[in-house]
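Working notes, structure below.
The values are calculated or read from the model by the stated rules, or taken from the named source; none is laboratory data. Bear in mind the structure is a predicted one, so any value in this text is a computation, not a measurement. Ideal geometry is used to build each Cβ from the backbone, glycine not excepted, and the neighbour counts take in all protein chains shown. Accessible surface areas use protein heavy atoms only, side chains included; no ligands, DNA or RNA. Shrake-Rupley method; radii C 1.70, N 1.55, O 1.52, S 1.80 Å.
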Amino acid sequence: MSTATGLSSPERPATTPTFQAPSTGRKIKNNLATFLVGLAFVIALVPLVWVLATVVVRGIGAILSSDWWGRSLSGVLPESYAGGVYHAIYGTLIQAALAAVIAVPIGILAAIYLVEYGRGRLAKTTSFMVDILAGVPSIVAALFIFAAFISILGAEQSAFMVSLALVLLMLPVVIRNTEEMLRLVPDELREAAYALGIPKWKTILRIVLPTALSGTVTGVMLALARVMGETAPVLVLVGYSQSINFDPFSGNMASLPLLMFSELSNPEPSGQFRIWGAALTLILIIMILQLGASVVSRFSAISK
Amino acid sequence: MAKRLDLKAVDIFYGDFHAVSDVNLSVSPRSVTSFIGPSGCGKSTVLRTLNRMHEEIPGARVDGEVLLDGEDIYARSADAVAVRRTIGMVFQRPNPFPTMSIRDNVVAGLKLQGVRDKKKLDEVAEASLRGANLWKEVKDRLDKPGGGLSGGQQQRLCIARAIAVQPDVLLMDEPCSALDPISTLAIEDLIGDLKKEYTIVIVTHNMQQAARVSDQTAFFNLEATGKPGKLVEIDDTEKIFSNPHEQATEDYISGRFG
Amino acid sequence: MTERTTAARPRDPQDEGSAAGSATLDTVTDTDPGRGGTDRGKATPGRGERIFRGLTSGSGLLVVAAIAAIGLFLLVQAVPSLLADNANFLTSPVFDTRDPANLNFGIRDLLVVTLLSSLFALVLAMPIALGIALFLTQYAPKRVARPFAYVIDLLAAVPSIIYGLWGIAVLAPALLPIATFLRDDLGWFFLFAPGNLPVLTGTIFTGGVVLAVMILPIITAVTREVFSQAPRFHIEAAQALGATRWEVIRMAVLPYGRSGYIAGSMLGLGRALGETIAVLIVIRAATTPSGFSLFDGGYTFASLIASAASEFSQPLPTGAYIAAGLVLFVLTFVVNAIARVVAGGKVNG
């Protein structure tokens, strides 16, 4: 730290100054490091701003068009600018919601196991495998669901298959987040409950979990935001449809990423129009979830 | 209601570590017994074995017998959860449940044991809060979160919560150590009232407090670092503070060490 | 004197049908507050406890089972195709599954393109992530560090398909001058040699830059976490010696955070290896095998599988892609396992 720099007085050159400044070489190195570190941060901002600006500029026209939020692309010709994406919004939401319905309870229970019950080898293995699962590429998760459910069990391609793949991607996020929140709950609360003669499982369900609730909900919302943009599973596990399909258990179903990917092969300018419109729509949905997550996390019962 | 506690040849271990050795003492019903002694002598450890709370630390185990009216709380047929329902505990730092209102905090034990009767719960809440000298201060804000109370009020809330399940014995682990002098006084008064109905064991660092509130006092000490803590003597509080049997007790009381 | 241990209680995984809700009501009767004392003793934990414990450890076990199942099912589906493969699976650059009776597929090029793009991304992202992490933990005032960190995290929230679109439509043209310069003036170096594509957009180079942006928040998040835990007393000790800020970082922060930085980088690498859609959109297909140049095109494991996904119908050709997926799974497994071991418990991936 260069607090002493200014204190060496030039009036007293004969004696060594009491507060000698760091040597020039050290100062240069320090300033260079400060510059580079700041630069790194600025560099990181460039793509973020650039991507978001691109999406907004190219997509704003589409999402402001009158039919965008309320119509599907049913019967819309490739070169036409008509129609909307509500069928794809529905698909994105229902696929993520179904995945959450399965992944959230399992994830919370697994986190409770890791924090409250797990001891020894099984707990260590589980914790390790959660990390591995977090690193499984979405295309591998999709292939696994394809191999296990479609090839071997003979299930049909459907939105539900996508949801199953998304479960694998959501689980580690939910587990790690819940785990972290449960560990923040002070042991004193657990002790207080035990001392009242409340069994451990009820203590966890009624005291510990509610205390950690807002953090857990935040984690779920972030996990949802993450899986909504996944494209690989929808490519492998469900066919694209231009019109609405409300049944996640059979038939083709659109989703925003799948719609974007399908329109990539549309050579007409209207294809680009829809792609960027869908991109902006997807980003808006994800932003709403992120905002919601940060609002919920303010209502934490744990004062840090 | 209030029951008698007897400890017979109690040894406490954490894994290989022998924390406390060979404790024998008796606590009679409707009395206050205080545990005093230097830090690390095992007095809190002993307290936590009285309702099997120490079991929450992995590797902890107890030899010997802890008898509640002659019944071993460590008997093979005794469940830790059931034991804790009979022997309540108040902790060093007030720990109301942050997600619950004041009323729900008080009746948390009953509710989680399955009592659903709203009228009964309200009655118990009022009775317990009165018992903890807190009713007048909170009766208008029973639905507010317990975390909004002052430290001393929170601690009395925790006492109300502990007596709401009508335990036979009430354990207090330095209940005033996080409180200011005025709140401390309020708790001490409360202990005086509570002993009419409960058997109370209190761990305290404050010798004046032990002298003020307790009928008998137990002095714990370490022979040397690394050795297990042990019970030096237990006697009437008056006797301990005026004319103790052991030299070590007198040294500690008079402030010559610890 | 009897000895009692408190540790092991029986674990009893029961069926998931009886959820916690109904169990709550049941215990009203089965653990009636035993004032009198005779019925209060219980040797085994209550039924609710056993069910709940079973549910939680069952869920934990499910995660382990899922990983095992992924490996197993992919293997089972890949083996018949591997046996029918007429090319060498490890060394052949072709991937031809059009004729199920004559499968010719190998992963040489997939491996080259995957590793080249991912490692290039890592080389780009690592120093920048280090800088950001230092900036956020050591330089930025506490007040702004949090919102700034949030901004970096936003990079991770952008879906990869959008990165792909941006990469090919916006970034690739912008990178053209740099790419041209590298090829024309530094082409003697094998990484910058002219590649197997007719153009300089949509190359491994472009894809690597996009991947670098995508893995930046992952590396930053882990590194930042570890740096912020650097022991205060080490930092103060260095400051008390009159060290400059940079010297404090070198003495007290970097040594402490090095393993976390490496672990974070490995996590980023794992992400880059498996990234699918951005790579599929950005990197163009090539007709000739890769020559280890950044200006090559081609498929990664993930992008190849995704590109063929609509044609998964016959078992044998599909199995060829599943075999490629299996290799990718093993690759990311190893990389993530290394990250976990390097981190030594300091970070949660």
Q. Is there any pair linking a residue in region A:96-108 that is within 11 Å of chain C (Cβ to nearest Cβ) to one that is open to solvent by 30 Å² or more (accessible area, probe 1.4 Å), with Cβ under 7 Å and at least six apart or on different chains, and which?
A. A:ILE106/C:LEU62
Q. So B:THR49 clears everything in (1) at pLDDT 90 or above; (2) open to solvent by 20 Å² or more (accessible area, probe 1.4 Å); (3) of a type in the set (Val, Ile, Thr) except one condition, right? Which one?
A. (2)
Q: Quick one: which residue in C:LEU124, C:LEU134 is touching a residue at least 24 places away in the same chain (Cβ under 8 Å), within 30 Å of A:ALA223 (Cβ to Cβ) and open to solvent by 20 Å² or more (accessible area, probe 1.4 Å)?
A: C:LEU124
Q) So A:VAL185 clears everything in (1) in contact (Cβ under 8 Å) with a residue 12 or more places away in the chain; (2) within 26 Å of C:VAL342 (Cα to Cα); (3) open to solvent by less than 10 Å² (accessible area, probe 1.4 Å) except one condition, right? Which one? A) (2)
Q | Checklist (1) in contact with an Asp or Glu (Cβ under 9 Å, 6 or more places away or on another chain); (2) at pLDDT 90 or above; (3) among the hydroxyl-bearing types (Ser, Thr, Tyr) applied to A:SER80, failing item | A | (2)
Q) Quick check, is B:ALA218 farther than 26 Å from B:ASP11 by Cβ, at pLDDT 90 or above and in contact with a Ser or Thr (Cβ under 7 Å, 6 or more places away or on another chain)? A) no
Q | Which numbered condition B:ASP251 fails, given (1) touching a Phe, Trp or Tyr at 6+ places or on another chain (Cβ under 9 Å); (2) in contact (Cβ under 8 Å) with a residue 12 or more places away in the chain | A | (2)
**Q.** Verdict on A:THR92 being among the hydroxyl-bearing types (Ser, Thr, Tyr) and at the interface with chain C (Cβ under 7 Å from one of its Cβ atoms)
**A.** no
Q. Can you pull out the residues in region B:128-143 that are of a type outside the set (Gly, Ala, Ser), in a helix (DSSP H, G or I) and touching a residue at least 24 places away in the same chain (Cβ under 8 Å)?
A. B:LEU129, B:VAL138
Q: Return the pairs, sorted by first residue and then second, in which the second residue is β-branched (Val, Ile, Thr) and not in a helix (DSSP H, G or I), the first residue lies in region C:304-320 and is within 14 Å of C:PHE95 (Cα to Cα) and more than 9 Å from chain A (Cβ to nearest Cβ), the beta carbons are less than 8 Å apart, and the residues are 6+ apart or on different chains.
A: C:ALA308/C:THR97; C:LEU316/C:THR97; C:PRO317/C:THR97; C:ALA320/C:THR97
Q) Taking the stated definitions as given, is A:ARG226 open to solvent by 50 Å² or more (accessible area, probe 1.4 Å) and either touching a helix residue (DSSP H, G or I) at 6+ places or on another chain (Cβ under 6 Å) or within 9 Å of another protein chain (Cβ to nearest Cβ) (or both)? A) yes
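Residue by residue, here is whether (1) within 16 Å of the chain's Cα centre (by Cα); (2) closer than 17 Å to A:LEU196 by Cα holds:
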| site | (1), (2) |
| --- | --- |
| B:VAL62 | no, no |
| B:TYR74 | no, no |
| B:ALA80 | no, yes |
| B:MET89 | yes, yes |
| B:PRO94 | yes, yes |
Q. What about C:SER290, is it within 14 Å of chain A (Cβ to nearest Cβ) and either outside any helix (DSSP H, G or I) or surrounded by fewer than 16 Cβ atoms within 10 Å (Cβ to Cβ) (or both)?
A. no
Q. Restricting the search to region C:238-247, which residues are within 14 Å of A:ASN31 (Cα to Cα), open to solvent by 10 Å² or more (accessible area, probe 1.4 Å) and without any contact (Cβ under 8 Å) to a residue 24 or more places away in the chain?
A. C:TRP246, C:GLU247
Q: Look at B:THR217 and say whether it is under 24 Å from B:VAL169 (Cα atoms) and not in a strand (DSSP E or B).
A: no
Q: Restrict the check to region A:275-284 and report whether at least one residue is closer than 30 Å to B:LYS144 by Cβ and surrounded by fewer than 16 Cβ atoms within 10 Å (Cβ to Cβ).
A: no
**Q.** Set B:GLY42, B:GLY59, B:GLY37, B:GLY70: member being more than 12 Å from chain A (Cβ to nearest Cβ), open to solvent by 20 Å² or more (accessible area, probe 1.4 Å) and at positive phi
**A.** B:GLY70
Q. Pick from region A:210-223 the residues that are more than 9 Å from chain C (Cβ to nearest Cβ) and of a type outside the set (Val, Ile, Thr): which of them is farthest from the chain's Cα centre (by Cα)?
A. A:PRO210
Q. When only residues in region B:144-199 that are outside any loop (DSSP other than H, G, I, E, B) and among the charged types (D, E, K, R) count, which is surrounded by the most Cβ atoms within 10 Å (Cβ to Cβ)?
A. B:ARG161
Q. Is one or more of the residues making up region B:77-85 in contact with a Gly (Cβ under 8 Å, 6 or more places away or on another chain), at the interface with another protein chain (Cβ under 8 Å from one of its Cβ atoms), without any contact (Cβ under 8 Å) to a residue 24 or more places away in the chain and not in a loop (DSSP other than H, G, I, E, B)?
A. yes
Q) Can you find even one residue in region B:14-32 that is under 22 Å from B:ASP236 (Cβ atoms), in a loop (DSSP other than H, G, I, E, B) and charged (D, E, K, R)? A) yes
Q: Select from region A:188-202 the residues that are out of contact with any strand residue (DSSP E or B) (no Cβ under 9 Å at 6 or more places or on another chain) and surrounded by 22 or more Cβ atoms within 10 Å (Cβ to Cβ) and list them in ascending order.
A: A:ALA193, A:ILE198, A:PRO199, A:LYS200, A:TRP201, A:LYS202
Q.
Can you pull out every residue in region B:209-240 that is touching a strand residue (DSSP E or B) at 6+ places or on another chain (Cβ under 6 Å) and among the basic types (Lys, Arg)?
A. B:LYS230
Q.
If B:GLY151 meets every condition in (1) farther than 18 Å from A:LEU189 by Cβ; (2) touching a residue at least 40 places away in the same chain (Cβ under 8 Å) apart from one, which number is that one?
A. (1)
Q. Identify, please: which residue in region C:233-256 is more than 10 Å from chain A (Cβ to nearest Cβ) and not hydrophobic (A, V, I, L, M, F, W, C) and is, among those, nearest to C:THR223 (Cα to Cα)?
A. C:TYR256
**Q.** Total residues in region A:122-154, condition in contact with an Asp or Glu (Cβ under 8 Å, 6 or more places away or on another chain) and among the hydrophobic types (A, V, I, L, M, F, W, C)
**A.** 1
Q) more than 13 Å from the chain's Cα centre (by Cα) and open to solvent by less than 10 Å² (accessible area, probe 1.4 Å): does that describe A:SER163? A) yes
Q. So which of C:VAL222, C:VAL210, C:VAL226 ends up being open to solvent by less than 10 Å² (accessible area, probe 1.4 Å), assigned to a helix (DSSP H, G or I), within 13 Å of chain A (Cβ to nearest Cβ) and in contact (Cβ under 8 Å) with a residue 12 or more places away in the chain?
A. C:VAL210
